[in-house]
1. I'm told Ser359 meets every condition in (1) surrounded by fewer than 19 Cβ atoms within 10 Å (Cβ to Cβ); (2) over 20 Å from Phe245 (Cα atoms); (3) without any contact (Cβ under 8 Å) to a residue 24 or more places away in the chain except one. Can you identify the failing condition by its number?
2. From the list Ser156, Ser143, which residue is under 20 Å from Asp120 (Cβ atoms) and among the hydroxyl-bearing types (Ser, Thr, Tyr)?
3. Are there strands (runs of 3 or more DSSP E) fully within segment 129-214 with at least 1 residues that are of a type in the set (Lys, Arg) and crowded, with 17+ Cβ neighbours inside 10 Å? List them.
4. Please enumerate the residues belonging to segment 114-128 that are polar (S, T, N, Q) and either in a loop (DSSP other than H, G, I, E, B) or at positive phi (or both).
5. Here's a check for you: in segment 241-251, which residue that is surrounded by 15 or more Cβ atoms within 10 Å (Cβ to Cβ) and in contact with a Ser or Thr (Cβ under 8 Å, 6 or more places away or on another chain) is nearest to Leu196 (Cα to Cα)?
6. Name the residues in segment 45-60 that are over 18 Å from Cys388 (Cβ atoms) and outside any strand (DSSP E or B), would you?
7. Kindly establish whether Leu162 is within 30 Å of Pro300 (Cα to Cα) and modelled with pLDDT of 95 or more.
8. Evaluate segment 198-206: report whether one residue or more is modelled with pLDDT of 95 or more, closer than 29 Å to Val270 by Cβ, of a type in the set (Lys, Arg) and over 15 Å from the mean Cα position of the chain (by Cα).
Amino acid sequence: MRILFSFLLVLTGAARAQKMYLLVGTYTNTGTSATNPKMDSSGSKGIYVYRFDGATGRAKLLSHTHGVCNPSYLAVAQDGHHVYACTESRMAGMGSVSAFDFDRNAGRLRFINKVPSGGDNPAYVSVDSSGRWVVVANYTGGSFSVCRIGADGGLSPWVQRLAFSGHGINPQRQDRSHVHSAVFSPDLRHLYIQDLGLDRISMYPFDADAGPKAGSAGGLASPLDTTGIKRFSIPAGAGPRHLTFGPGGHFAYLIEEMGGMVDVYHYDPVTGVLDSLQRIAAHPDTASGSWRSSDVHLSPDGKFLYASNRAETTITIFSVDKEKGTLRRIAYERTFGREPRNFTIDPTGNWLLVGDQDSNGIVVYRIDKTTGDLKPLRRRIRVPLPTCLRVIP
């Protein structure tokens, strides 16, 4: 009887593990910083919450937010109970970053508060694994800001904002700084800022335990050490976009939006230095630009790396040498829609989901864990202008 009871507990646990949540950020307003049409011009309601079945790859809509403008990029706290979104991106004037409480029983997001992002067009938000800090990257504003997380999951106004000046070699795309992402190292010792406009990665030592500012009533110190900054140059015109670390934390991978390449680095946890190991194309050798590569992720087991290419509407599949960190291109998979801006891999490593922004849908692929190949499901998830996908176990 005891053996049967234990077996039933295992089955129950496995069934629960197959039930996850999919959160989708969107554009609700298709305006630009110059002209802003009325709200909900895209038909989107904001952030959509789905129940995602890890056994079948199917998704069921549970809820969506109301009145949240352009929640274009999402970050989920490690506890799975709080979500942070870039909001009011692509709008005139400075954008914002918003905090939400996630009710896992009902599958609903409850708005907590929002604070200014410190610049125009926030395009990326990160939450550190300690659950104390949020960093938001302002693409058009060429800056990033650091906000403390309160006890309720809400955000304080930024405690530090840093802006960059200069330009790159491409006058149309690199007329000034364009901060495209802000990524913490897995050991939480360093923060990396990817600047598409300046062809540069900036590294700041990070201290998650930073507390009240000395001599300031209620003031907060920044967790960043600006005296220890290190900068790493990317090939001119490459346009660094997103950075991700491998499961072991020894290697980092950068996707170049304009160069159409993936850069491989060795990560030194003591100094924060990124040593270049490889630069490999995220497209066939016979292809010609202009490149618009957009996102990069590794499988949870670290065996494969995937990169999305918007101009070619493909996902490139690489095998990873787990000892050296280097890549080998092995296949390409169509995304079946336009503008595959963002994609994600679920925690089990069984599914890869791609948001085809301009086709108003998400394609779900089953991952072959032996070969890395992607097999698309016939059914698509229909959602207006998907810009960011997050799976929560």
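The values are calculated or read from the model by the stated rules, or taken from the named source; none is laboratory data. All figures in this text were calculated on a predicted structure; none of them were measured in a lab. Note that each Cβ is placed from the backbone with ideal geometry, even for glycine, and that neighbours are counted across all protein chains shown.
1. Answer for Ser359: the failing condition is (1).
2. Numbers: Ser156 fails: under 20 Å from Asp120 (Cβ atoms).
The conditions single out Ser143.
3. Details: elements: 133-138, 143-148, 160-163, 179-184, 190-195, 200-205.
The qualifying strands (runs of 3 or more DSSP E) are 143-148, 160-163, 200-205.
4. Looking only at segment 114-128, we keep the residues that are polar (S, T, N, Q), and these are 117, 121, 126.
Hits for segment 114-128 are Ser117, Asn121.
5. Here is the first cut: in segment 241-251, the residues surrounded by 15 or more Cβ atoms within 10 Å (Cβ to Cβ) are 241-247, 250-251.
Retained after the next criterion (residues that are in contact with a Ser or Thr (Cβ under 8 Å, 6 or more places away or on another chain)): 241-243, 245.
Numbers: Arg241: 6, His242: 9, Leu243: 12, Phe245: 19 Å.
Within segment 241-251, the match that is nearest to Leu196 (Cα to Cα) is Arg241.
6. Once the filter is applied, which keeps residues that are over 18 Å from Cys388 (Cβ atoms) and outside any strand (DSSP E or B), segment 45-60 yields Gly54, Ala55, Thr56, Gly57, Arg58.
7. Numbers: within 30 Å of Pro300 (Cα to Cα): no; modelled with pLDDT of 95 or more: yes.
So Leu162 fails the test.
8. Restricting attention to segment 198-206, the residues satisfying the condition of being modelled with pLDDT of 95 or more are 198-206.
Of the ones still in play, those that are also closer than 29 Å to Val270 by Cβ are 198-206.
Still in the list and also of a type in the set (Lys, Arg): 200.
Add one more test, that the residue is over 15 Å from the mean Cα position of the chain (by Cα), and what stays is 200.
Yes - at least one qualifying residue is present in segment 198-206.
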